[in-house]
Structures are given as C-alpha cells and as structure tokens.
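Reviewing the structure listed below.
Taken together, the values in this text are just the output of simple stated rules run on the coordinates, not laboratory data. Keep in mind that this is a model prediction, so the values were computed, not measured. Here the Cβ positions follow ideal geometry from the backbone for every residue, glycine too, while neighbour counts run over all protein chains shown.
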Amino acid sequence: MSDVIRLLHLTDTHLLGDKYAKLRGVEPFATSQAVYAHAKKHFPNSDGTLLTGDLVHDDPHGYAQVRDIFKSSSTPVYCIPGNHDIPEVMYSTLSDKPFEISQVNPLGHWVLILINTWIANTADGELGYEQLAEIDEILSEYSTHHALLCMHHHPVQMGSEWLDKVGLRDAPDFTACIAKHANVRGVLWGHVHQAMDTVIDNVHYMSTPSTCSQFLPHSADFAIDNKPPGYRTLELLPDGKIITAVKWL
C-alpha cells in the first residue's frame, strides 16, 4: 500500500431483488453498475470502496445484487447500514470478502471508522451513548492515525427543511465527541442524495450523491433533482490532508 490511500465512495444504491425494477424513475441496478464501472475506469487502483448505507431499498433480496456488482473487487468493500437497510441481513449476507463490516479499519497513516446510525422504524439516525463512547475510545487508541469517520445520516444541516428532520438525532453529541480529538480529519456520509463539501473546525465534512436519483438541494419539501448518478473519490494523504472530488455520470 502506498502512502496515499485512494478510496471510492458510492452510496445509496437502493438495490432491489428485481434487477430491472425501477425506483424514482431509474433502475438502481443498472445505475449502480454504471457508476462502479465509471469509477474503476477513471479512478483506477483504489485501495477500497465505501458503501455508506441504503445498499437496498427495504428489500432483503437486494443484497444479492450488491454481491453481484461488487463481488469481483480485489480490495475491501466497506459496508454501513442506512435507514432502508435490514442490518441483520446485510451483515450475514456481506460477511465474507471483499465485503468488510468491521468498525475499525487501519490503512497506513489513516484509520477508517465505520459508524452505524441505523435505528428501527424511522428515516432518521442515532449514535447512542454506547457507540459515542466507543468512538471516543477508538479515536484515543488511534491518536497517531488520521481518522476518517463514515456514516449514513448527516451530522450537519443540509439546508433542506424536510431532509434535516431525518438527519442524525444526536449530532451535537457527535460534534462534541470528535472535537476532543485532533486526529479527526474527515466525516463522510450518504443519505442526502447530494454533494456537500465544507470544513468546520479543521474537519472536512463531505456528503456524496446517490448512484441512482438525487434530491433537490435547499428544498423545503421532498423533491427530485435532475442531476445524474454520481460518486466521490478520496485521496488520503500521509499528512492528514484529503483530496476529494465528486464525479457525475
């Protein structure tokens, strides 16, 4: 592994048991395949792929399509559940290589921390006291590593009234937790079906478009944008800097 860690971020694939079924006017299997093919071509030799939730759309049979798309990956495919996932099925179906569901993943000078914000029967998310304590402990244990924290729900306001009602419930507690650790360099999430790049207190906050349809930014009510499927590339440098870009098909 080189000193620079190269990662792909694909999120909100919303796969269904039927490969040809449509969701919000697109075929999630076809768009996910197209995004992954584009990413491998235009960002080759990555060290791993991050799938940050809503791998399926309330359909446990969709995990077979996740396996179909990513099974040939020669590098880890890191998986986190989102509100449309069925975590127990996700963890059992994606329990072998190349899929990786471990919470802590050291990569050279960096550590990837996979955070589960799923809670039952709701679209919003939560960390909870126990997981916040675990994150605090992990960041202390890996204090000599730069940390990238990955989750499904957004820990910052997106500026859309409807969307910000289904974000991370305990976002202030999360912010307070990471503020204690100077090694936190980035926070990455899905869920919002749109791109955000902002730096707050020296931490790079990033959201990534869906591999299928997008949500219209700054909309008071639910609305679909006309932007195409997308993904994000990340280069994690040894000095803690993050070079990142969003790619659209």
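Listing for the model above:
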item	result
Environment charge at LYS241 (Cβ cut-off 15 Å; Lys +1, Arg +1, Asp -1, Glu -1)	-2
Relative contact order, percent, the chain [alpha-carbon distance under 8 Å, six or more residues apart]	21 percent
log10 of Debye I(q)/I(0), alpha-carbon scatterers only, for the range 174-235 at 0.17, 0.27 Å⁻¹	-0.66, -1.10
Spherically averaged projected area in nm², based on the convex hull that wraps the Cα atoms of the range 113-170	4.4 nm²
Whole-Hz ³J(HN,Hα) from phi, Karplus 6.51 cos²θ - 1.76 cosθ + 1.60, for the range 156-162, glycine and proline x	10, 5, 9, x, 10, 4, 5
For peptides 202-211, 128-137, 44-53, 186-195, sequence by mean Cβ density within 10 Å, most packed first	186-195, 202-211, 44-53, 128-137
Neighbourhood net charge (12 Å Cβ-Cβ; Lys/Arg +1, Asp/Glu -1) for GLN214	0
Neighbourhood charge, 12 Å Cβ-Cβ cut-off, centred on LYS165 and excluding it, Lys, Arg +1 and Asp, Glu -1	-3
Cα gyration tensor shape of the range 35-136, rounded if a/c is under 1.5, else prolate or oblate by comparing a/b with b/c	oblate
Prolate/oblate/rounded label for the range 13-78 (Cα gyration tensor, a/c 1.5)	prolate
For the range 94-124 and the range 157-198, distance of Cα centres in Å	16 Å
Solution diffusion estimate, µm²/s, Stokes-Einstein, the range 61-198, Kirkwood Rh from C-alpha pairs, 37 °C, viscosity 0.692 mPa s	207 µm²/s
